[in-house]
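Structure first, commentary second.
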Amino acid sequence: MQLEELRFGTELLKRGFAKMQKGGVIMDVTTPEQAVIAEDAGAVAVMALQAVPADIRKMGGVARMADPKIIMEIIDAVTIPVMAKVRIGHFAEAQILEAIGVDMIDESEVLTPADEFHVDKSKFTVPFVCGARNLGEALRRIKEGAAMVRTKGEAGTGDVREAVRHMRLIGGSIRSLKGMADEELSKVARDIEADFELVLECRDMQRLPVVNFAAGGIATPADASLMMQMGADGVFVGSGIFKSQRPEIMASAIVEAVNNYDDPEKLLEASIGLGEPMKGIDAGTLGEGETLQTRGW
Amino acid sequence: MAFQGDVSEHVRAMEVGLGSEGSVVEVRRGGIVPGCDGIVLPGGESTTIARHLARTGVGDEVAAAAMAGVPIMATCAGLIVISKEIVEETRFLPLGLLDVRVTRNAFGSQRESFEADLEVAGFDSPYRGVFIRAPAIVGWGAGVEPLAMIEEVAVAARQENLLGLAFHPELTADLRFHEVFLEMI
């Protein structure tokens, strides 16, 4: 067996990488020190960012890919996978992240969109995760090559309601496909602007064809359990950890909650003595220009 | 072990392999392992899985079962967890069951993850290995038989009732390693 006979960046490898994250918590971090805290708490991966979504909201201006130097320092600090975000459609930022050697790229609505088209993710060796609010959006991203999907929720609010809504919409749409004839599916595919073969796969598997995480507003162990019980394969926690009073404790507690999501006794244990969670914003009070989930299509 | 990782893929592959001759249970807490005839440690994040094994006491149950001769199939992160020694690892201690030295992420990051056709001892045709941020076995004791190699490192090895694989047999339809494991039971 010689190394030159290897095949890189196949669909199986990309989707397989996402599968290894299942049952895990992926945490937003902005420094190597935070990355180490996340790893020690049992995170399966970290998302390297310039600022967490709650601060991006506050700061305003154009939110871009993080400084490569910070990302490289975070890669050096931990052994778990490191992910990073690019602006929607910004394939040059994605090329830079691939050159750095990040393990997964999040084409994210949390950053300021760069194009009305999403990145052609099939051209990359590194796998992508993308946000979605409904089944059509999820399947369009998968068609473009996303190896993993997450709910958009409403990032940086600490309010789980939008993540819940998106998870329900996706799950409900998939359940409604059950028992449909192929010709009925082709109408669904047209209506939700999704690829027919992918809709067919959803009907037959009764789930998305790729790993589906919850994200956007998860701030407590109970939030994480809620999303897992609704069928999420795992959770992303953005501002919820490092905007809480005691990040180390909150991080471990959310990992515990994901592992014991269906055990109320263990959830209770995980929920005691955490200090203040992030303060947050009621997502229902955000005006039209203030929501991040409406970015992307 | 259903703490974290590609558990459902392992369950499905094992159910196909077993047919009607057994059942698969998902273990996320103590007390279940002592009643099992075989144990599978899936792929995932080894630091996370090791943490759950230690916290719940299931790690000790797995070690006791291994000593008692219960067959174990450990893939990728699982291989790291059952190894005797991890090169340059201070974050967690492996269970020390399989007498091998492993290097984590031996081939690089996800960009360097790969598929390769392996020559496997005992198989009459190549086996497609799926390596995802995979470890490699860089040293092994006299009781360990390396089953497949990539250049000078081993990527599959067996020591009596323990089967360690650096790749993911649960991600392909080729169930030959599952058959090897089931024959050990």
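Here are the numbers for this structure:
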quantity	calculated
Listing of strands (runs of 3 or more DSSP E) fully contained in segment B:99-185 that carry 1 or more residues being more than 14 Å from the chain's Cα centre (by Cα) and away from every other protein chain (no Cβ under 14 Å)	B:136-140, B:145-150
Subset tally (residues that are in a loop (DSSP other than H, G, I, E, B) and basic (Lys, Arg)) for segment A:168-185	1
Criterion (outside any loop (DSSP other than H, G, I, E, B) and of a type in the set (D, E, K, R)) met by exactly one of B:88, B:9, B:26, B:21	B:9
Selected residue (only one of B:2, B:54 is aliphatic (A, V, I, L, M), crowded, with 18+ Cβ neighbours inside 10 Å and either in contact with a helix residue (DSSP H, G or I) (Cβ under 8 Å, 6 or more places away or on another chain) or within 14 Å of chain A (Cβ to nearest Cβ) (or both))	B:2
Set A:251, A:257, A:232, A:270: member being within 14 Å of chain B (Cβ to nearest Cβ) and in contact with a strand residue (DSSP E or B) (Cβ under 6 Å, 6 or more places away or on another chain)	A:232
Residue among A:151, A:125 that alone is modelled with pLDDT of 95 or more, in contact with a helix residue (DSSP H, G or I) (Cβ under 6 Å, 6 or more places away or on another chain) and more than 14 Å from chain B (Cβ to nearest Cβ)	A:151
Filtered residues of segment B:120-146 (kept if within 24 Å of residue B:15 (Cα to Cα), in contact with a Lys or Arg (Cβ under 9 Å, 6 or more places away or on another chain) and among the hydrophobic types (A, V, I, L, M, F, W, C))	B:120, B:123, B:132
Lone qualifier among A:155, A:146 - being small (Gly, Ala, Ser), crowded, with 24+ Cβ neighbours inside 10 Å, out of contact with any strand residue (DSSP E or B) (no Cβ under 7 Å at 6 or more places or on another chain) and in a loop (DSSP other than H, G, I, E, B)	A:155
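A quick yes/no check of all residues on (1) in contact (Cβ under 8 Å) with a residue 40 or more places away in the chain; (2) within 14 Å of chain B (Cβ to nearest Cβ); (3) crowded, with 21+ Cβ neighbours inside 10 Å:
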| site | (1), (2), (3) |
| --- | --- |
| A:14 | yes, yes, yes |
| A:26 | yes, yes, yes |
| A:38 | yes, yes, yes |
| A:42 | yes, yes, yes |
| A:51 | no, no, no |
| A:54 | yes, no, yes |
| A:58 | no, no, no |
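The values are calculated or read from the model by the stated rules, or taken from the named source; none is laboratory data. Because the structure is predicted, anything quoted here is derived from the model rather than measured. Note that we place each Cβ from the backbone using ideal geometry, even for glycine, and neighbour counts take in every protein chain shown.
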